[in-house]
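Enquirer: Quick one: the structure is below, questions incoming.
The values are calculated or read from the model by the stated rules, or taken from the named source; none is laboratory data. Since the structure is predicted, the reported quantities are computational estimates derived from the model, not experimental observations. Counting neighbours? That spans all protein chains shown, and the Cβs are built from the backbone with ideal geometry, glycine included. The accessibility values were calculated without ligands, DNA or RNA, using every heavy atom of the protein model including side chains. Shrake-Rupley method; radii C 1.70, N 1.55, O 1.52, S 1.80 Å.
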Amino acid sequence: MRLKQLTHQGSSFQSFHVRHDTYPKNHNVWHYHEELEFIQVRKGSGTLFIGDCIRKFGPGDVVLIGPNIPHYWFFDPEYLDAIKPIATDNCVIHFQKSFAGEDFFYLPEMTGIKDLLLEANKGLWYRCDSTDPLNKLFEHILIAGGFEQLLILLQALYIFHQKNKIMLVSENYAILNHSSDHKRMNDIVDYIQTNFKQHIELSDLANLAGMTNNSFCRYFKQKTGKTPLEFITELRVASACKFLSDTNTPLKEVCFECGYNNYVSFHNAFKRFTGLTPKGYKIKAKLI
């Protein structure tokens, strides 16, 4: 998993870029870009890594990501199958803060959207239901063009501003210079992503980074906002949420599938990060 800086450029006739993704494309890499990203997940599920946040995503999720925040849409295996992947359905919009002009958002009528774009620096999440007007706007922007498309984007941002959104990135997270030292960090995250279902020694990660254990812990916390153990635990819990939501796998099997050797440790970690017991989460997921 390599941290990449991506640039999303439309034609000379566009001030922003809209695309319809039916497969993960650029989502499934650890990346960042200068543009804001406004995305609706219409079909597809997996785990979103953004800044120091790890959370599940699925149909109906709308996310606004500010500029230069590292993020990684890790789609579930069925959408990444090399032989017969399941199609996704996502509307993705990329735009600069000044896409409507340097002074446009200083108009009194634009105060709400201006505030929203500032809030996006921490990443914003909202779950649409089937009746939400945002659904029609994301659907329509894919087939509209020119001035109409611009109006739809402004309307969608205005409506999103009014929603009861969740901030994804913690207040303490700082956006660093990701262009430096990114290979080292991505080697570490690659290793964790590949091995989180097994026991991971701190010394293995420190050796991979070429550091002592204490130096590595400070380094990792600076880069991600989390300790190595917190990062691994959240990844395991996110994996457990997928099992509990989509399968009838017994709880103790889920525990071992997600890298825990005993159920008590799994139960405590799961409740600490989700606020629910594994059993309570599974019951709630089946009711939704």
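Enquirer: Work out from phi, with θ = phi - 60° and the Karplus expression 6.51 cos²θ - 1.76 cosθ + 1.60, the ³J(HN,Hα) of each residue of the stretch 218-234, listed in order in whole Hz, and give x for Gly and Pro.
Expert: Computed from phi, the couplings for the stretch 218-234 are 5, 4, 5, 5, 5, 7, 10, x, 10, 6, x, 5, 4, 4, 5, 5, 5 Hz.
Enquirer: Using the Karplus curve 6.51 cos²θ - 1.76 cosθ + 1.60 with θ = phi - 60°, work out ³J(HN,Hα) for each residue of the stretch 266-274 in order, rounded to whole Hz, and write x for Gly and Pro.
Expert: 4, 4, 5, 5, 4, 5, 5, 9, 10
Enquirer: Arrange the peptides 208-216, 34-42, 250-258 so that the one whose residues have, on average, the most other Cβ atoms within 10 Å appears first.
Expert: Per-residue mean Cβ counts within 10 Å order the peptides as 34-42, 250-258, 208-216.
Enquirer: Just the number, please: carbon plus sulfur as a percent of the accessible area of the stretch 179-285, 1.4 Å probe, no ligands or DNA/RNA counted. Mind dumping the intermediate values first?
Expert: On the way: 2900 of 5600 Å².
Here carbon and sulfur together make up 52 percent of the probe-accessible area.
Enquirer: Accessible area per residue for the stretch 4-172 in Å², computed with a 1.4 Å probe and the full protein assembly in place, what is it? All intermediate terms of the calculation are to be shown ahead of the outcome.
Expert: Numbers: 8000 Å² over 169 residues.
Value for the stretch 4-172: 47 Å² per residue.
Enquirer: Once amide H atoms are built 1.01 Å from N in the peptide plane, which residues 5 or more positions from Tyr23, or in another chain, come under 5 Å H to H?
Expert: Counting only residues 5 or more places away or on other chains, the set is Thr88.
Enquirer: Taking N as the number of residues in the chain, what is its Cα Rg relative to 2.2 N^0.38 Å?
Expert: Details: Rg = 19.8 Å, N = 288, 2.2 N^0.38 = 18.9 Å.
That works out to 1.05 for the chain.
Enquirer: On average over all directions, what projected area in square nanometres does the stretch 218-288 have, based on the convex hull of its Cα atoms?
Expert: Details: hull surface 19.9 nm².
Value for the stretch 218-288: 5.0 nm².
Enquirer: Continuing with this model, one more query. Mean residue ellipticity at 222 nm from the helices of the chain, using -39,500 (n - 2.57) per DSSP H segment of n ≥ 4 over the full residue count, to the nearest 500 deg cm²/dmol? Numbers along the way, then the final one.
Expert: Working: 10 runs with 117 residues, N = 288.
Mean residue ellipticity at 222 nm (helix-derived): -12500 deg cm²/dmol.
Enquirer: Among 117-127, 147-157, what's the highest-first ranking by average C-beta atoms within 10 angstrom per residue? Mind dumping the intermediate values first?
Expert: Working: 117-127: 19.0, 147-157: 17.2.
Most protected by this proxy first, the peptides run 117-127, 147-157.
Enquirer: I've got another one for you. Compute the semi-axes of the equivalent ellipsoid of the stretch 4-172, taking the square root of 5 times each eigenvalue of the Cα gyration tensor, and list them largest first in whole Å.
Expert: Details: eigenvalues 118, 65, 52 Å².
Here the semi-axes work out to 24, 18, 16 Å.
Enquirer: OK, next. Near the amide H of Asp76, under 5 Å away, which other amide H atoms are found, from residues 5 or more places off or on another chain, if H is placed in the peptide plane?
Expert: Answer set, sorted by chain and number: Ser45, Gly46, Thr47.
Enquirer: At 0.36 nm per residue, and after removing the present C-alpha to C-alpha distance, how many nm does the segment from Glu201 to Leu142 gain when stretched out fully?
Expert: Working: separation 59, 0.36 × 59 = 21.24 nm, distance 4.68 nm.
Length gained, Glu201 through Leu142: 16.6 nm.
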